[in-house]
Amino acid sequence: MGYTKKDDKSLKLCVKKKCNPMIRKTARIRNKHFKGMDENIKKLKHAYNLKCSSGSKANFNKIQCKNLKVVIETMEGISNTMNRPAISPLEMCKNRFCNKGCKDTLFEDGPPNKLSKGYRTILGNNSAKIQLSRRNRKKIFNNKTSVLKHNFYTGIPQERIKQLKKEGAISGCIY
């Protein structure tokens, strides 16, 4: 089965109807969430400078200062990671909702105990992700070689599939 112009049209329509609105909504939520998080990081840094500097009268003890510094670094790490996802939101959406046959995903047809080459490439050399994906694939597939019905994972409730199709999705590579 080859690639056709019809596939190209349906992909563009899916991106326009499903992905673009989803990306805009996600960006609004992310911006709102991280604006608050960035403000909290600034407040914590200010508190750290006030309470943990050597000339301050209201000093925290060393353990409290160390814990506060760990909290600040953790929050900054989360903020940085979430602001720069490993895969773009558009690619993520296309992979899940505009991907006939769920190519290069956990749901691609094949033996239950083997990940496709394309999906392994996406995972990279991260052995923890590979092990987790293998385990999930075995659970999802059980002893089947396909878990897709009309490009949607069979574990998705019919109501959700109808909703996804109404929103413009041509696949449901999610669980």
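Values in this text are rule-based calculations from the coordinates and carry no lab data. No experiment lies behind these values; they were computed from the predicted model shown. Don't worry about glycine lacking a Cβ; one is built from the backbone with ideal geometry, like all the others, and counts go over all protein chains shown.
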Worksheet item: Counting only residues 5 or more places away or on other chains, whose amide H sits under 5 Å from the amide H of Ile174 once H atoms are built in the peptide plane?
Response: Tyr153
Worksheet item: Counting each DSSP H run of 4 or more residues in the chain as -39500 (n - 2.57), what helix-only mean residue ellipticity at 222 nm follows after dividing by all residues, to the nearest 500 deg cm²/dmol?
Response: -19500 deg cm²/dmol
Worksheet item: In region 72-175, which GluC sites (Glu not before Pro) fall in coil by DSSP and have 15 or fewer other Cβ atoms within 10 Å?
Response: Glu167
Item to complete: Report, in debye and to the nearest 20, how large the dipole of the chain comes out about its Cα centre when Lys and Arg carry +1 and Asp and Glu carry -1 on their Cβ.
Response: 280 debye
Worksheet, complete the sentence: The alpha-carbon center of region 92-118 and that of region 124-175 are separated, in whole Å, by 8 Å
Practice prompt. Determine ³J(HN,Hα), in whole Hz, for all residues of region 162-173 in sequence, where each value follows from phi through the Karplus function 6.51 cos²θ - 1.76 cosθ + 1.60 and θ = phi - 60°; x replaces Gly and Pro.
Written response: 4, 5, 4, 5, 4, 6, x, 6, 10, 8, x, 8
Item to complete: Report the residues of region 89-132 in range of a label on Thr26: point 7 Å along Cα→C-beta, backbone N strictly under 12 Å from it.
Response: 89-98
Worksheet item: Over its Cα atoms, what ratio of radius of gyration to 2.2 N^0.38 Å does region 23-83 give?
Response: 1.39
Practice prompt. May I ask for the net charge around His46, where only other residues with Cβ less than 15 Å from the Cβ of His46 are counted and Lys, Arg are +1 while Asp, Glu are -1?
Written response: +2
Worksheet entry | Order of Asp104, Asp109 - criterion: other Cβ atoms within 10 Å of each residue's Cβ, fewest first | Asp109, Asp104
Worksheet, complete the sentence: Hydrodynamic calc, the chain: Kirkwood Rh from Cα pairs, then Stokes-Einstein at 25 °C with viscosity 0.890 mPa s, so D in µm² s⁻¹ is 126 µm²/s
